[in-house]
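Undergrad: The structure follows.
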Amino acid sequence: MTSRFPALPDAPMAEKRPTTAAFHGVTLHDDYAWLRADNWQEAMREPDLLPNDIKAYLEAENAYYARAMAGTEDLQETLVAEMRGRIKEDDSSVPMKDGPFAYARRYTEGAEHPLIVRTPRDGGDEDILLDVNREAAAHDYFVLGGTAVSLDHDVLAWSADTSGAEYYTLRFRDTETGQDADQTIPDVGSIAWADAQTFFYVRVDENHRPNKVFRHRLGSDPAEDVLVYEETDQRYYVSVTRMRSGAFIAIYTGMNDETEVWVIPTDAPDTAPAVIEPRTTGMEYQIDHQGDQFLILTNADDALDFKIMTAPVAAPSRANWTDVLPHEAGRMVIDVATYADWTIWMERQDALPRICYARTGTPLAEGQEITFDEEAFALGLQPSPEYETDLLRFTYTSPTTPAQIFDFDLSDESRTLRKTTEIPSGHDPADYVTRRITAPSHDGAEVPVTILYHKDTALDGSAPCLLYGYGSYGASMPASFSGNRLSLVDRGFVYVIAHIRGGEEKGRAWYEDAKFGKKVNTFHDFIAAGEALIKGGYTSAGQIVIQGGSAGGLLVGAVVNMRPDLLAGVIADVPFVDVLNTILDETLPLTPGEWSQWGNPIESKEAFDDIRGYSPYDNVTAQDYPPMLVTAGVSDPRVTYWEPAKWVAKLRVTKTDDNILMLKTNMSSGHFGKSGRFAMLEDSARSYAFALKAAGRA
């Protein structure tokens, strides 16, 4: 069969520079290890420092990509215009009241970035605290990090990343004058105010690991800031937050499946942090403060799907924890928030979320639920920053329903719609259909699958399909609205999200069943979703384009090795595909913390064999592959650029087909691509233009 998207002549061929390494009696051969620059950490901050030979190869691949996609330039411009037409340009968030003010983010027409604004609590003139567009004007890349206003509302702490490497610089702005203080603090993670003058922040180290908490006093030299906490376990990452009650700063430290929490009273910020419960292998917990107790969301006592417990503030150790919402298998408790008079929590069951609440003093098991009607939907909690309130804000969306923001009065159960995301170019939910089906996997597991298509799309197998998945770290994929997707759906595509194992859509067991040696379940679930779509007439073999990013790139990389016959194309965004080599290298920023997901192949021959069995780079084989679009970012600290670069280099000399294979590397940004709400549309347009061409629709 003639390729829908054939390769061009003169594709770049990376030089082979063979290297070997031995582990557990196995010799690994790697022809492309040289693509990892010795100075990669410097190049992540300053991409121009990339060695010339590596830069030349990446730029040759970019030039090849440009030639291959040249015929889609008009289509991409059309797609960007369509997607931009679905964005209200002069948009704003619903103001959130906090003390004497109401804070919001507002966009002006044509602006890439927001304004941080506030008005008097009950109405009045607006003050612009931060014009992000003005700050971004001098930079090719600009992402706003954290913002936090002081307790007296006189100072705005704000941070930004200007390289894509996720190194954020912290600044302090006078909210009256709009001027920043002379002091700046580099390489900052999370931030939290203790009082009007005292501020806690996390610093990241040279390996991009957030591991130190400092205390800063306004006006003082940051060089004199006090080190409050230092994490010495390289697997653990640290963050700080202020509890809603305002009584405590919490220091969280932990990895994917294990946490430890320390607290500092805000009325005595110089106090040394006190641990709630020392770290215990496999135990996770998070806390919130309410009156004379802490509420604790935890998996303690084998509560696989988590439960809520309480502990007295005066004696919060594990010995004094008491169940208030007992564990129930299959009901995943995913978040908890406290007000003075209310406890609110989110649950997920059968891949659908729900919001529950109970008045203080009422058993949580007797709590109420906020109900919804659609077959598949997503929810988000936006609790008030104020502690003494009955107001709960939440978001609701579905694949056919643009995001809606509701204020819910917990005292009388009234629901007020505060905002529906406006689609300026028009949107009628009745034109689209959302379905939820289940796909039987290789071992009988039933995989939830969310489907979106236009009502006029024939379900006779003729429609192309974009199948999206992630399936790692317990991250659940919401059944939410995306205006961008409509550009595919309106062109006859069926858009599908597979809620595969590795996420927590069906509870913690859904995640645990795709760790270590069971990771292959993730890939089988994704294949099962594709087969169920074919069986149901939604699409047919050879009509499916699969897409995944980061660990979702591992997913699509493994699946294209396993079942290329199902596919019309592959979109692998900053894909984690050189898994074995990465998890064998403990000097990389994320590796030590990853061992709790994949196993430690340095110490374990079993983990080494498991990872080697599915790692996409190690399993490239001489077979036909569909058209493929692969992306990378030189400044990416999460999936380093050489993973996709090595994978493409190896694929190009191994595969047996004449389909296109492209590597598009962003030479000036990182994991999340372009910055700016409109610039980001170019990344989506690129992907969708590729999908349309690969499926024969462009």
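The values are calculated or read from the model by the stated rules, or taken from the named source; none is laboratory data. Since the structure is predicted, the reported quantities are computational estimates derived from the model, not experimental observations. Neighbour counts are summed over all protein chains in view; Cβ atoms, including those assigned to glycine, are modelled from backbone coordinates with ideal geometry.
Undergrad: Please indicate, with yes or no, whether at least one residue in the range 200-215 is surrounded by 15 or more Cβ atoms within 10 Å (Cβ to Cβ) and free of Cβ contacts under 8 Å to residues at least 12 places away in the same chain.
TA: The answer is no, given that none of the residues of the range 200-215 is surrounded by 15 or more Cβ atoms within 10 Å (Cβ to Cβ) and free of Cβ contacts under 8 Å to residues at least 12 places away in the same chain.
Undergrad: Could you pull out the residue among A529, A479 that is at pLDDT below 95, crowded, with 24+ Cβ neighbours inside 10 Å and either in a loop (DSSP other than H, G, I, E, B) or of a type in the set (A, V, I, L, M, F, W, C) (or both)?
TA: That would be A479, the only listed residue that is at pLDDT below 95, crowded, with 24+ Cβ neighbours inside 10 Å and either in a loop (DSSP other than H, G, I, E, B) or of a type in the set (A, V, I, L, M, F, W, C) (or both).
Undergrad: Against the conditions (1) more than 19 Å from the chain's Cα centre (by Cα); (2) surrounded by fewer than 21 Cβ atoms within 10 Å (Cβ to Cβ), where does R638 fall short? Just the number, please.
TA: So the condition that R638 fails would be (1).
Undergrad: Look at the range 626-635 and say how many of its residues are assigned to a strand (DSSP E or B) and either without any contact (Cβ under 8 Å) to a residue 24 or more places away in the chain or within 18 Å of the chain's Cα centre (by Cα) (or both).
TA: Residues that pass the stated criteria total 3.
Undergrad: At pLDDT 95 or above, outside any loop (DSSP other than H, G, I, E, B) and surrounded by fewer than 16 Cβ atoms within 10 Å (Cβ to Cβ), is that true of T395?
TA: So T395 fails the test.
Undergrad: In this structure, is V560 over 19 Å from A21 (Cβ atoms), part of a helix (DSSP H, G or I) and under 25 Å from the mean Cα position of the chain (by Cα)?
TA: The answer is yes for V560.
Undergrad: Here's a follow-up. Any idea which residue in the range 587-608 is surrounded by the fewest Cβ atoms within 10 Å (Cβ to Cβ), counting only those that are of a type in the set (A, V, I, L, M) and in a loop (DSSP other than H, G, I, E, B)?
TA: I602
Undergrad: Being over 17 Å from R436 (Cβ atoms) and not in a loop (DSSP other than H, G, I, E, B) is the filter here; which residues of the range 502-512 pass it?
TA: The answer is R508, A509, Y511, E512.
Undergrad: For the condition of a type outside the set (D, E) and either closer than 29 Å to S190 by Cα or part of a strand (DSSP E or B) (or both), what is the one hit in T108, T78, T72?
TA: It is T108.
Undergrad: Residues that are in contact (Cβ under 8 Å) with a residue 24 or more places away in the chain, in a helix (DSSP H, G or I), small (G, A, S) and under 25 Å from M44 (Cβ atoms): does the range 565-585 have at least one?
TA: There is no residue in the range 565-585 that is in contact (Cβ under 8 Å) with a residue 24 or more places away in the chain, in a helix (DSSP H, G or I), small (G, A, S) and under 25 Å from M44 (Cβ atoms).
Undergrad: Would you mind finding the one in A181, A165, A192 that is surrounded by 17 or more Cβ atoms within 10 Å (Cβ to Cβ) and assigned to a strand (DSSP E or B)?
TA: Result: A192 is the single residue among A181, A165, A192 that is surrounded by 17 or more Cβ atoms within 10 Å (Cβ to Cβ) and assigned to a strand (DSSP E or B).
Undergrad: Can you confirm whether D658 is over 30 Å from G254 (Cα atoms) and surrounded by fewer than 24 Cβ atoms within 10 Å (Cβ to Cβ)?
TA: yes
Undergrad: Looking at the range 115-162 only, could you name the residues that are under 23 Å from V202 (Cβ atoms), surrounded by 21 or more Cβ atoms within 10 Å (Cβ to Cβ), of a type outside the set (A, V, I, L, M) and at pLDDT 95 or above?
TA: W158, S159
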